[in-house]
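First up is the structure itself, then whatever we jot down about it.
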C-alpha cells in the first residue's frame, strides 16, 4: 500500500533546485488526548501503520499553529496545544520517491476541543481513539512523545548533547 503524501509547495520548489539530497525540515508531532485521556491515532496511507498526527511546518509557521492545522486537516478534530513535549533531530529519512529529509520534530501535547474524527485527507486511511493500554506500536520517537504526554509532571525532553569542544561538527 503506497500512497502519495502531499508535498508542500515550498518543498517542491526547493527540490526543483537541489534534487533529492538531504533537506532539513521542521515538523510537528501532535499527541492528541480526549477527556478520557484516549489517544488519537491515524493509520498512514503510505505504510498502513498507526501513528500520531505529524506534519511539515510551513515557512514561518509556529509549531502550535502547525499542530492545530495538521490535526484538523488529517482528522477533522479541533485541538488546543497544552504543552511542549520534546524537540528532537530525527535520523535521516528517505521517502518512497527517494527524497531525503532530516526532520527537526517538535512534539506537543494537545487536548481535543471538538471531535468529528474521521479521515480528512489522503495521508491516512483510518482515524481512531485508543485507550492508553491498547495503543499499537509506534516509532520510538513517537512512543517517547506519547509517554511524555501521559506523564503529568514530565519536563520537555531533549537529546543528551554529544558535541564536544574542539570537534568540527
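Reported value for the stretch 1-73: 107 Å³ per residue, from the convex hull of its C-alpha atoms. Taking a ≥ b ≥ c as the square roots of the Cα gyration tensor eigenvalues, with a/c under 1.5 meaning rounded and otherwise prolate when a/b beats b/c, else oblate, which class fits the stretch 22-152? Rounded shape, in that the Cα axes give a/c under 1.5.
Sorted fewest first by neighbouring Cβ atoms within 10 angstrom, 35, 73 come out as 35, 73.
Contact order, relative form, for the stretch 43-85: 26 percent (alpha carbon pairs under 8 Å, 6 or more residues apart, mean separation divided by residue count). Taking the Cβ of each residue in 164, 61 as the centre, tally the other Cβ atoms inside 10 Å and list the residues starting with the fewest. Listed from fewest to most nearby Cβ atoms, that is 164, 61. Once C-alpha pairs closer than 8 Å and six or more residues apart are averaged by separation and normalised to the residue number of the chain, the relative contact order reads 28 percent. Extending 7 Å from Cα along the Cβ direction at residue 49 and again at residue 80 yields two label points whose distance is 3.4 nm.
Each peptide among 141-147, 155-161, 93-99, 119-125 gets the average number of other Cβ atoms lying within 10 Å of its residues, and from highest to lowest they stand as 141-147, 119-125, 93-99, 155-161.
No value in this document is a laboratory result; all are computed from the given coordinates. Everything numeric in this text was worked out from a predicted model, so none of it was measured. Reconstructed Cβ throughout: ideal geometry from the backbone, glycine too, with neighbour counts over all protein chains shown.
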